[in-house]
2 protein chains.
Amino acid sequence: MAIDVLLYDAYGTLWDPLSVMKRCDSCWPGKGAQVSQLWRTKQLEATWLRSLMGRYVPFSTVTREALQYACEALKLSLQQDHESELMGEYLKLATFPDVADAFMKKPAARTGILSNGSPDMLDPLVKHSGLKFDAVLSVDAAKIFKPAPAAYQIAVERFGAPKEKIGFVTSNFWDAAGAKSFGFQVYWINRAGVAAERLGFQPDRVLKSLAAL
Amino acid sequence: MAIDVLLYDAYGTLWDPLSVMKRCDSCWPGKGAQVSQLWRTKQLEATWLRSLMGRYVPFSTVTREALQYACEALKLSLQQDHESELMGEYLKLATFPDVADAFMKKPAARTGILSNGSPDMLDPLVKHSGLKFDAVLSVDAAKIFKPAPAAYQIAVERFGAPKEKIGFVTSNFWDAAGAKSFGFQVYWINRAGVAAERLGFQPDRVLKSLAAL
């Protein structure tokens, strides 16, 4: 079916949250990979748990707190200037290598981002990258994180398109399952060739890179 | 404040899900720890994600699927008899070493279990252990997993007690945060002395073992 809107997830799909690893490694030599992975894991968990508890807070809060947790759990001291520096890194994450090419040509459909990121994180990130979209949408408008249906609904309303005419592009399998359950056409970008989680829904297409879109 | 009901979480609090490790190790020599940890991680994640998606399925389904995922992700073949055997292990998990003593004396309050486990898993597990409770409650009655408020509400209705007179005992920090957000008095059993996650709520008491209750 033809697509009216191509809607992208941000973190993990266009931008690589693990690109903070180098900066983590300069703060805690030899521990960069461990810190950045635990940081990301706990950031995601907190979005799901707080949403289920009905206690939404912006992604910037979740991200800062997950960094604090990761340092405490790994018994690393987190100085104020390290915290500020690493939170700052999140505003200029690297894009994945396949992003530049994928956005070189003019898209056939309207494009957008639908991200867990709060506007205070997402807007500077998009600006820094130079990528252009018709709309940059944050779940903050619904005060609940993906994969809750209310989060995906934001894009339906903003674009005024039926959900089955929205193509949703994500590298996070749980996000692909949530978007499919909601009713989007879903493209799962599985760059690393990982196993699909079992969440009751499968993406419409599995692609190895954005280039294959 | 006095407590009318002492309500326990099951998996991770009274029973150790990682006690399946030995059996996993006999199925996949040298890989038991890895399989059992990934199994548990994905089992929990699926409860949160499916709840947020509004797509509840019983814990037995989530548990079986998480085992299948863990094997695929670790590139281990899962034969039908291994799957049945390991699902069977979940019905006779080991209790933690501090459980027996804690349940030796007659409790001053009514006691119960409130678990993510579906009745088909939870009831045989409790029976096998020989532990006695006034009520064994499954979130299956609300068709959503903890830490959603509707899951904790089941105990309020079953016991007819105000939430602030229910003492909730759990080793899972996210469960402690969810129960506190809901309004229970919360005892976090932190046997391993791990860092507290940042979820906006703190337990009322942190104890090293059930013996300190």
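The values are calculated or read from the model by the stated rules, or taken from the named source; none is laboratory data. Only a predicted model underlies this, so the values are computations on that prediction, with no experimental measurement involved. Here the Cβ positions follow ideal geometry from the backbone for every residue, glycine too, while neighbour counts run over all protein chains shown. Note: accessible area is taken over every heavy atom of the protein model, side chains too, but ligands, DNA and RNA are not part of it. Shrake-Rupley method; radii C 1.70, N 1.55, O 1.52, S 1.80 Å.
Being within 14 Å of chain A (Cβ to nearest Cβ) and of a type in the set (A, V, I, L, M) is the filter here, so list the residues in the range B:185-211 that pass it. Those that are within 14 Å of chain A (Cβ to nearest Cβ) and of a type in the set (A, V, I, L, M): B:Val186, B:Ala192, B:Val194, B:Ala195, B:Ala196, B:Leu199. Residues of the range A:129-165 being among the hydrophobic types (A, V, I, L, M, F, W, C) and out of contact with any helix residue (DSSP H, G or I) (no Cβ under 6 Å at 6 or more places or on another chain), which ones? Listed by number, the residues that qualify are A:Leu131, A:Phe133, A:Ala150, A:Ala155, A:Phe159, A:Ala161.
Determine if the range B:4-11 includes at least one residue that is within 14 Å of another protein chain (Cβ to nearest Cβ), open to solvent by 30 Å² or more (accessible area, probe 1.4 Å) and under 30 Å from A:Arg50 (Cα atoms). Working first, answer last.
The initial filter retains those residues of the range B:4-11 that are within 14 Å of another protein chain (Cβ to nearest Cβ), namely none.
No, the range B:4-11 contains no residue that is within 14 Å of another protein chain (Cβ to nearest Cβ), open to solvent by 30 Å² or more (accessible area, probe 1.4 Å) and under 30 Å from A:Arg50 (Cα atoms).
Might you let me know whether the range A:149-162 holds any residue that is open to solvent by 10 Å² or more (accessible area, probe 1.4 Å), of a type in the set (Gly, Ala, Ser) and away from chain B (no Cβ under 14 Å)?
So far as the range A:149-162 goes, yes, one or more of its residues are open to solvent by 10 Å² or more (accessible area, probe 1.4 Å), of a type in the set (Gly, Ala, Ser) and away from chain B (no Cβ under 14 Å).
When restricted to residues that are under 17 Å from the mean Cα position of the chain (by Cα) and either aliphatic (A, V, I, L, M) or at positive phi (or both), the range B:20-68 contains 10.
If the condition is being polar (S, T, N, Q) and under 15 Å from A:Ile113 (Cα atoms), then the range A:149-184 contributes A:Gln153, A:Thr170, A:Ser171, A:Asn172.
What's the total number of residues in the range A:95-106 that are surrounded by 15 or more Cβ atoms within 10 Å (Cβ to Cβ) and not polar (S, T, N, Q)? Adding up the residues that qualify gives 5.
Scanning the range A:117-136 for residues that are free of Cβ contacts under 8 Å to residues at least 60 places away in the same chain, closer than 23 Å to A:Ala46 by Cβ and either touching an Asp or Glu at 6+ places or on another chain (Cβ under 8 Å) or assigned to a strand (DSSP E or B) (or both) turns up A:Pro119, A:Val136.
Selection of the range B:137-155 for residues being in contact with a Leu (Cβ under 9 Å, 6 or more places away or on another chain), aliphatic (A, V, I, L, M) and not in a strand (DSSP E or B) yields B:Val139, B:Ile144, B:Ala148, B:Ala151, B:Ile154, B:Ala155. Is there a residue being in contact with an Asp or Glu (Cβ under 7 Å, 6 or more places away or on another chain), more than 14 Å from every other protein chain (Cβ to nearest Cβ) and crowded, with 19+ Cβ neighbours inside 10 Å anywhere in the range A:18-30? Yes, the range A:18-30 contains at least one residue that is in contact with an Asp or Glu (Cβ under 7 Å, 6 or more places away or on another chain), more than 14 Å from every other protein chain (Cβ to nearest Cβ) and crowded, with 19+ Cβ neighbours inside 10 Å. B:Asp25 meets each of the listed conditions (1) over 24 Å from B:Lys146 (Cβ atoms); (2) in a loop (DSSP other than H, G, I, E, B) apart from (2).
From B:Glu85, B:Glu72, B:Glu65, B:Glu45, grab the single residue that is part of a helix (DSSP H, G or I), within 13 Å of another protein chain (Cβ to nearest Cβ) and surrounded by fewer than 18 Cβ atoms within 10 Å (Cβ to Cβ). Every option except B:Glu72 fails the conditions. Residues considered: B:Asp175, B:Asp120, B:Asp204, B:Asp140. Of these, the only one that is within 28 Å of B:Val57 (Cα to Cα), surrounded by fewer than 19 Cβ atoms within 10 Å (Cβ to Cβ) and of a type in the set (Asp, Glu) is B:Asp120. Taken residue by residue, the range B:141-150 has no member that is closer than 27 Å to B:Lys105 by Cα and touching a residue at least 24 places away in the same chain (Cβ under 8 Å).
Looking across the range B:98-116 at every residue that is in a loop (DSSP other than H, G, I, E, B) and within 17 Å of the chain's Cα centre (by Cα), the one that is nearest to B:Leu14 (Cα to Cα) is identified as B:Asp98.
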